[in-house]
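Down below is the structure, laid out as C-alpha coordinates.
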Number of protein chains: 2
Amino acid sequence: MKRYPIRRPALEPLEVPAQHKTIYPPPHDQVVKGRFKRRLGPALGLTDLGVNLTTLMQGAASSMRHHHSANDEFVYILDGEATLVTDAGEQTLTAGMCAGFPKGKKDGHHLINKSDRPVIYLEVGTNNLPDLIHYPDAKLWLHEDEKGRAAFNTAKPAAQAAAKAKPATARKKKKKR
Amino acid sequence: MKRYPIRRPALEPLEVPAQHKTIYPPPHDQVVKGRFKRRLGPALGLTDLGVNLTTLMQGAASSMRHHHSANDEFVYILDGEATLVTDAGEQTLTAGMCAGFPKGKKDGHHLINKSDRPVIYLEVGTNNLPDLIHYPDAKLWLHEDEKGRAAFNTAKPAAQAAAKAKPATARKKKKKR
(Lines give C-alpha, C1' and ligand atoms only; values in the text may rest on other atoms or scores of the structure.)
Protein backbone atom coordinates (compact mmCIF):
# COMPACT_ATOMS: atom_id res chain seq x y z
CA MET A 1 0.00 0.00 0.00
CA LYS A 2 1.28 3.47 -0.87
CA ARG A 3 2.32 5.76 1.96
CA TYR A 4 2.78 9.46 1.29
CA PRO A 5 4.46 11.84 3.74
CA ILE A 6 1.76 13.58 5.77
CA ARG A 7 1.50 16.35 8.37
CA ARG A 8 -1.15 17.64 10.79
CA PRO A 9 -4.09 17.67 10.79
CA ALA A 10 -3.41 14.25 9.23
CA LEU A 11 -1.74 11.46 11.18
CA GLU A 12 -0.12 8.08 10.57
CA PRO A 13 -1.65 6.14 13.51
CA LEU A 14 1.32 3.80 13.82
CA GLU A 15 3.49 6.80 14.80
CA VAL A 16 1.54 7.10 18.05
CA PRO A 17 3.04 4.91 20.83
CA ALA A 18 0.98 1.86 21.86
CA GLN A 19 0.21 2.00 25.59
CA HIS A 20 -0.92 -0.88 27.77
CA LYS A 21 -1.49 0.89 31.08
CA THR A 22 -4.83 0.62 32.91
CA ILE A 23 -6.48 2.20 35.94
CA TYR A 24 -8.15 -1.15 36.83
CA PRO A 25 -7.29 -2.33 40.34
CA PRO A 26 -5.84 -5.88 40.68
CA PRO A 27 -6.91 -8.54 39.88
CA HIS A 28 -9.02 -6.83 37.19
CA ASP A 29 -5.96 -5.36 35.47
CA GLN A 30 -5.18 -8.88 34.18
CA VAL A 31 -8.22 -8.74 31.87
CA VAL A 32 -6.56 -6.05 29.73
CA LYS A 33 -2.99 -7.24 30.03
CA GLY A 34 -2.72 -7.92 26.29
CA ARG A 35 -4.43 -4.67 25.24
CA PHE A 36 -2.46 -1.92 23.47
CA LYS A 37 -4.01 1.47 22.74
CA ARG A 38 -2.73 4.17 20.42
CA ARG A 39 -4.47 7.32 21.64
CA LEU A 40 -5.18 9.15 18.39
CA GLY A 41 -7.56 11.74 19.88
CA PRO A 42 -4.99 13.60 21.99
CA ALA A 43 -2.36 13.25 19.22
CA LEU A 44 -4.76 15.14 16.94
CA GLY A 45 -5.72 17.77 19.54
CA LEU A 46 -9.24 16.41 20.02
CA THR A 47 -10.81 16.96 23.44
CA ASP A 48 -14.52 16.10 23.23
CA LEU A 49 -13.97 13.01 21.10
CA GLY A 50 -11.90 10.03 22.27
CA VAL A 51 -10.31 7.93 19.49
CA ASN A 52 -8.07 4.91 19.99
CA LEU A 53 -6.52 2.43 17.59
CA THR A 54 -6.44 -0.64 19.78
CA THR A 55 -4.83 -4.06 19.46
CA LEU A 56 -5.94 -7.08 21.50
CA MET A 57 -3.48 -9.92 21.74
CA GLN A 58 -4.71 -13.50 22.19
CA GLY A 59 -6.87 -13.73 25.31
CA ALA A 60 -7.03 -10.00 25.98
CA ALA A 61 -10.24 -8.01 26.44
CA SER A 62 -11.00 -4.40 25.49
CA SER A 63 -12.13 -3.76 29.09
CA MET A 64 -14.16 -5.37 31.80
CA ARG A 65 -17.75 -5.72 30.60
CA HIS A 66 -19.26 -2.26 31.25
CA HIS A 67 -21.74 0.44 30.27
CA HIS A 68 -21.61 4.25 30.49
CA SER A 69 -24.24 6.63 31.87
CA ALA A 70 -23.10 9.65 29.85
CA ASN A 71 -21.00 8.55 26.86
CA ASP A 72 -21.77 6.97 23.50
CA GLU A 73 -19.22 4.44 22.24
CA PHE A 74 -18.51 2.98 18.79
CA VAL A 75 -16.10 0.28 17.60
CA TYR A 76 -15.09 -0.66 14.04
CA ILE A 77 -13.10 -3.85 13.46
CA LEU A 78 -10.11 -3.38 11.16
CA ASP A 79 -8.43 -6.78 11.39
CA GLY A 80 -8.91 -10.16 13.05
CA GLU A 81 -11.87 -11.79 14.77
CA ALA A 82 -13.29 -10.16 17.91
CA THR A 83 -15.87 -11.72 20.21
CA LEU A 84 -18.42 -9.14 21.37
CA VAL A 85 -20.00 -10.06 24.69
CA THR A 86 -23.24 -8.45 25.90
CA ASP A 87 -26.13 -9.54 28.12
CA ALA A 88 -27.53 -11.45 25.12
CA GLY A 89 -24.37 -13.56 24.75
CA GLU A 90 -21.49 -13.72 22.31
CA GLN A 91 -21.08 -12.93 18.63
CA THR A 92 -18.06 -12.77 16.33
CA LEU A 93 -17.14 -9.57 14.53
CA THR A 94 -14.68 -9.48 11.63
CA ALA A 95 -13.06 -6.67 9.63
CA GLY A 96 -15.61 -4.14 8.40
CA MET A 97 -18.17 -4.84 11.11
CA CYS A 98 -18.99 -2.38 13.85
CA ALA A 99 -20.96 -2.00 17.08
CA GLY A 100 -22.41 0.92 19.00
CA PHE A 101 -23.18 1.39 22.67
CA PRO A 102 -25.52 4.29 23.45
CA LYS A 103 -25.05 6.11 26.75
CA GLY A 104 -27.51 5.07 29.42
CA LYS A 105 -28.16 1.64 27.87
CA LYS A 106 -27.51 -0.77 30.71
CA ASP A 107 -26.09 -3.64 28.68
CA GLY A 108 -22.54 -4.47 29.76
CA HIS A 109 -20.29 -4.99 26.74
CA HIS A 110 -16.70 -5.70 25.82
CA LEU A 111 -14.60 -7.33 23.11
CA ILE A 112 -12.44 -10.39 23.74
CA ASN A 113 -9.86 -11.86 21.43
CA LYS A 114 -10.58 -15.59 21.48
CA SER A 115 -8.73 -16.18 18.21
CA ASP A 116 -5.10 -17.07 17.57
CA ARG A 117 -4.26 -13.75 15.85
CA PRO A 118 -4.25 -10.13 17.06
CA VAL A 119 -7.47 -8.11 16.75
CA ILE A 120 -7.15 -4.47 15.64
CA TYR A 121 -10.06 -2.05 15.94
CA LEU A 122 -10.89 1.60 16.08
CA GLU A 123 -12.80 2.76 19.17
CA VAL A 124 -14.44 6.14 19.43
CA GLY A 125 -16.48 7.79 22.15
CA THR A 126 -17.65 11.09 23.52
CA ASN A 127 -15.75 12.52 26.52
CA ASN A 128 -18.76 13.85 28.45
CA LEU A 129 -18.45 14.51 32.19
CA PRO A 130 -19.60 13.50 34.73
CA ASP A 131 -19.89 9.83 33.78
CA LEU A 132 -20.71 6.67 35.71
CA ILE A 133 -19.32 3.40 34.37
CA HIS A 134 -20.84 0.20 35.70
CA TYR A 135 -18.96 -3.13 35.55
CA PRO A 136 -21.74 -5.65 36.27
CA ASP A 137 -19.57 -8.80 36.35
CA ALA A 138 -16.97 -7.24 38.67
CA LYS A 139 -19.66 -5.46 40.73
CA LEU A 140 -17.71 -2.21 40.44
CA TRP A 141 -18.65 1.35 39.56
CA LEU A 142 -16.24 3.97 38.25
CA HIS A 143 -17.40 7.50 38.89
CA GLU A 144 -15.80 10.33 36.92
CA ASP A 145 -16.80 13.69 38.35
CA GLU A 146 -17.29 16.88 36.39
CA LYS A 147 -13.57 17.61 36.56
CA GLY A 148 -12.65 14.12 35.31
CA ARG A 149 -11.46 12.81 38.68
CA ALA A 150 -12.07 9.05 38.68
CA ALA A 151 -12.85 6.80 41.66
CA PHE A 152 -13.82 3.12 41.83
CA ASN A 153 -16.64 2.07 44.17
CA THR A 154 -18.04 -1.31 45.17
CA ALA A 155 -21.54 0.21 45.47
CA LYS A 156 -23.37 2.56 43.12
CA PRO A 157 -22.48 6.18 43.99
CA ALA A 158 -25.59 8.24 44.78
CA ALA A 159 -24.31 11.70 43.88
CA GLN A 160 -23.87 11.07 40.17
CA ALA A 161 -27.46 11.58 39.12
CA ALA A 162 -27.54 15.27 40.04
CA ALA A 163 -25.19 16.81 37.45
CA LYS A 164 -25.98 16.95 33.74
CA ALA A 165 -23.20 15.61 31.55
CA LYS A 166 -21.37 18.07 29.28
CA PRO A 167 -18.45 17.81 26.88
CA ALA A 168 -15.18 17.67 28.77
CA THR A 169 -14.12 21.10 27.53
CA ALA A 170 -17.35 22.75 28.62
CA ARG A 171 -15.99 22.30 32.16
CA LYS A 172 -13.27 24.45 33.64
CA LYS A 173 -10.75 21.62 33.77
CA LYS A 174 -10.22 19.16 30.99
CA LYS A 175 -10.61 15.45 31.54
CA LYS A 176 -7.25 13.81 32.04
CA ARG A 177 -7.10 10.10 31.38
CA MET B 1 -13.27 -12.55 4.45
CA LYS B 2 -15.52 -14.46 6.85
CA ARG B 3 -18.92 -12.97 7.67
CA TYR B 4 -20.83 -14.28 10.68
CA PRO B 5 -24.50 -13.46 11.30
CA ILE B 6 -24.66 -10.58 13.78
CA ARG B 7 -27.30 -8.66 15.73
CA ARG B 8 -27.46 -5.41 17.72
CA PRO B 9 -25.50 -3.85 19.29
CA ALA B 10 -23.33 -5.02 16.36
CA LEU B 11 -24.00 -3.91 12.80
CA GLU B 12 -22.94 -4.80 9.27
CA PRO B 13 -22.42 -1.26 7.88
CA LEU B 14 -23.32 -2.25 4.33
CA GLU B 15 -26.87 -3.01 5.52
CA VAL B 16 -27.41 0.70 6.17
CA PRO B 17 -28.69 2.51 3.05
CA ALA B 18 -26.21 4.89 1.35
CA GLN B 19 -27.71 8.40 1.15
CA HIS B 20 -26.53 11.22 -1.07
CA LYS B 21 -28.81 14.05 0.08
CA THR B 22 -27.40 17.39 1.22
CA ILE B 23 -28.68 20.58 2.82
CA TYR B 24 -26.24 22.67 0.75
CA PRO B 25 -28.02 25.32 -1.35
CA PRO B 26 -27.28 25.31 -5.12
CA PRO B 27 -24.71 25.60 -6.65
CA HIS B 28 -22.80 24.24 -3.61
CA ASP B 29 -24.75 20.97 -3.67
CA GLN B 30 -22.74 19.97 -6.75
CA VAL B 31 -19.59 19.65 -4.62
CA VAL B 32 -21.02 16.60 -2.83
CA LYS B 33 -22.93 15.10 -5.75
CA GLY B 34 -20.83 11.94 -5.73
CA ARG B 35 -20.86 11.53 -1.93
CA PHE B 36 -22.74 8.61 -0.33
CA LYS B 37 -23.13 8.35 3.44
CA ARG B 38 -24.20 5.35 5.49
CA ARG B 39 -25.36 6.85 8.76
CA LEU B 40 -24.19 4.26 11.28
CA GLY B 41 -24.73 6.39 14.39
CA PRO B 42 -28.54 6.55 14.23
CA ALA B 43 -28.69 2.88 13.11
CA LEU B 44 -26.92 1.98 16.36
CA GLY B 45 -29.01 4.30 18.55
CA LEU B 46 -26.18 6.77 19.15
CA THR B 47 -27.19 10.38 19.78
CA ASP B 48 -24.13 12.30 21.01
CA LEU B 49 -21.75 10.67 18.55
CA GLY B 50 -22.17 10.94 14.77
CA VAL B 51 -20.68 8.08 12.71
CA ASN B 52 -20.81 7.73 8.94
CA LEU B 53 -19.29 5.25 6.52
CA THR B 54 -18.84 7.48 3.50
CA THR B 55 -17.94 6.84 -0.13
CA LEU B 56 -16.64 9.55 -2.46
CA MET B 57 -16.89 8.82 -6.16
CA GLN B 58 -14.36 10.38 -8.57
CA GLY B 59 -14.43 14.17 -8.26
CA ALA B 60 -16.65 14.28 -5.18
CA ALA B 61 -15.81 16.09 -1.94
CA SER B 62 -16.74 15.20 1.64
CA SER B 63 -18.18 18.71 2.08
CA MET B 64 -17.37 22.28 1.27
CA ARG B 65 -14.18 23.24 3.08
CA HIS B 66 -15.32 24.11 6.61
CA HIS B 67 -14.60 24.20 10.34
CA HIS B 68 -16.83 23.80 13.43
CA SER B 69 -17.03 26.02 16.50
CA ALA B 70 -18.36 23.29 18.80
CA ASN B 71 -17.64 19.84 17.39
CA ASP B 72 -14.55 17.66 17.09
CA GLU B 73 -14.26 15.61 13.90
CA PHE B 74 -12.16 12.57 12.95
CA VAL B 75 -11.73 10.66 9.67
CA TYR B 76 -10.06 7.30 9.05
CA ILE B 77 -9.38 6.22 5.46
CA LEU B 78 -10.47 2.64 4.74
CA ASP B 79 -9.88 2.40 1.00
CA GLY B 80 -8.61 4.52 -1.88
CA GLU B 81 -6.66 7.77 -2.03
CA ALA B 82 -8.21 10.90 -0.55
CA THR B 83 -6.84 14.42 -0.94
CA LEU B 84 -7.10 16.38 2.30
CA VAL B 85 -7.30 20.13 1.73
CA THR B 86 -6.60 22.65 4.52
CA ASP B 87 -5.21 26.20 4.69
CA ALA B 88 -1.72 24.70 4.39
CA GLY B 89 -2.51 23.01 1.08
CA GLU B 90 -3.11 19.46 -0.10
CA GLN B 91 -1.89 16.06 1.06
CA THR B 92 -2.80 12.51 0.06
CA LEU B 93 -4.21 10.05 2.59
CA THR B 94 -4.39 6.32 1.94
CA ALA B 95 -5.94 3.38 3.83
CA GLY B 96 -4.95 3.35 7.49
CA MET B 97 -4.26 7.08 7.72
CA CYS B 98 -6.42 9.46 9.67
CA ALA B 99 -7.00 13.14 10.40
CA GLY B 100 -8.59 15.11 13.22
CA PHE B 101 -10.21 18.52 13.32
CA PRO B 102 -10.58 20.00 16.81
CA LYS B 103 -13.57 22.25 17.46
CA GLY B 104 -12.75 25.95 17.36
CA LYS B 105 -9.71 25.48 15.13
CA LYS B 106 -10.33 27.84 12.23
CA ASP B 107 -8.69 25.79 9.48
CA GLY B 108 -11.19 24.93 6.76
CA HIS B 109 -10.85 21.28 5.72
CA HIS B 110 -12.41 18.69 3.44
CA LEU B 111 -11.53 15.54 1.51
CA ILE B 112 -11.67 15.36 -2.28
CA ASN B 113 -11.42 12.25 -4.40
CA LYS B 114 -8.98 13.21 -7.16
CA SER B 115 -8.21 9.57 -7.98
CA ASP B 116 -9.84 7.23 -10.48
CA ARG B 117 -11.27 4.88 -7.82
CA PRO B 118 -13.84 5.38 -5.03
CA VAL B 119 -12.59 6.55 -1.63
CA ILE B 120 -14.17 4.94 1.46
CA TYR B 121 -13.68 6.40 4.91
CA LEU B 122 -15.14 6.45 8.38
CA GLU B 123 -16.08 9.87 9.75
CA VAL B 124 -16.92 10.47 13.38
CA GLY B 125 -17.84 13.60 15.30
CA THR B 126 -19.51 14.90 18.40
CA ASN B 127 -23.10 16.20 18.04
CA ASN B 128 -22.79 19.22 20.33
CA LEU B 129 -25.29 22.07 20.02
CA PRO B 130 -25.28 24.96 19.30
CA ASP B 131 -22.67 24.85 16.56
CA LEU B 132 -21.42 27.34 13.98
CA ILE B 133 -19.91 25.94 10.79
CA HIS B 134 -17.88 28.31 8.63
CA TYR B 135 -17.28 27.64 4.93
CA PRO B 136 -14.46 30.09 4.13
CA ASP B 137 -14.27 29.45 0.35
CA ALA B 138 -18.03 29.77 -0.12
CA LYS B 139 -18.25 32.68 2.37
CA LEU B 140 -21.16 30.93 4.12
CA TRP B 141 -21.96 30.20 7.76
CA LEU B 142 -24.30 27.44 8.93
CA HIS B 143 -25.72 28.09 12.36
CA GLU B 144 -27.29 25.21 14.27
CA ASP B 145 -29.14 26.45 17.31
CA GLU B 146 -29.50 24.64 20.60
CA LYS B 147 -32.46 22.68 19.24
CA GLY B 148 -30.55 21.66 16.11
CA ARG B 149 -32.41 24.02 13.76
CA ALA B 150 -30.01 24.86 10.91
CA ALA B 151 -29.84 28.08 8.89
CA PHE B 152 -27.32 29.27 6.28
CA ASN B 153 -26.08 32.87 6.44
CA THR B 154 -23.88 34.95 4.14
CA ALA B 155 -22.47 36.84 7.17
CA LYS B 156 -21.30 35.52 10.53
CA PRO B 157 -24.27 35.26 12.91
CA ALA B 158 -23.70 37.29 16.10
CA ALA B 159 -25.94 35.35 18.48
CA GLN B 160 -23.98 32.11 18.44
CA ALA B 161 -21.27 33.07 20.93
CA ALA B 162 -23.69 33.37 23.85
CA ALA B 163 -24.73 29.75 24.43
CA LYS B 164 -22.35 27.05 25.65
CA ALA B 165 -22.35 23.92 23.54
CA LYS B 166 -23.73 20.71 25.08
CA PRO B 167 -24.29 17.18 23.79
CA ALA B 168 -27.40 17.04 21.62
CA THR B 169 -29.31 14.97 24.18
CA ALA B 170 -28.56 17.37 27.04
CA ARG B 171 -31.09 19.65 25.35
CA LYS B 172 -34.84 19.15 25.53
CA LYS B 173 -35.18 18.30 21.86
CA LYS B 174 -32.82 16.01 20.04
CA LYS B 175 -30.93 17.17 16.99
CA LYS B 176 -32.67 15.98 13.85
CA ARG B 177 -30.51 15.91 10.75
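The values are calculated or read from the model by the stated rules, or taken from the named source; none is laboratory data. Note that this is a predicted model, so its numbers are computed, not measured. As a convention, Cβ positions derive from the backbone with ideal geometry for all residues, glycine included, and neighbour counts pool all protein chains shown. For the accessible areas, the whole protein counts, side chains as well, though only heavy atoms, and no ligand, DNA or RNA atoms are used. Shrake-Rupley method; radii C 1.70, N 1.55, O 1.52, S 1.80 Å.
Data table
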{"quantity": "Chain B, relative contact order in percent, only Cα pairs under 8 angstrom and at least six apart counted", "calculated": "20 percent"}
{"quantity": "Entries of B:LYS103/B:LYS166; A:LYS164/B:LYS166; A:LYS37/B:LYS2; B:LYS105/B:LYS147; B:LYS21/B:LYS164 with Cα pairs more than 18 Å apart", "calculated": "A:LYS37/B:LYS2; B:LYS105/B:LYS147; B:LYS21/B:LYS164"}
{"quantity": "Residue-level accessible surface for A:ARG39, protein heavy atoms, 1.4 Å, Å²", "calculated": "80 Å²"}
{"quantity": "Difference of contour (0.36 nm per residue) and Cα-Cα distance, A:ASP137 to A:SER115", "calculated": "5.7 nm"}
{"quantity": "Signed unit charges on C-beta, dipole axis of chain A, positive-most listed residue A:THR92, A:GLY108, A:PRO130", "calculated": "A:PRO130"}
{"quantity": "Net charge of Cβ neighbours under 14 Å - reference B:THR154; Lys, Arg +1; Asp, Glu -1", "calculated": "+1"}
{"quantity": "Inter-copy spacing of B:GLU90 label points, which lie 7 Å from Cα along Cα→Cβ, given in nm from shortest upward", "calculated": "4.9"}
{"quantity": "Dimensionless Rg ratio for region B:1-139, taking C-alpha atoms and the 2.2 N^0.38 Å reference", "calculated": "1.05"}
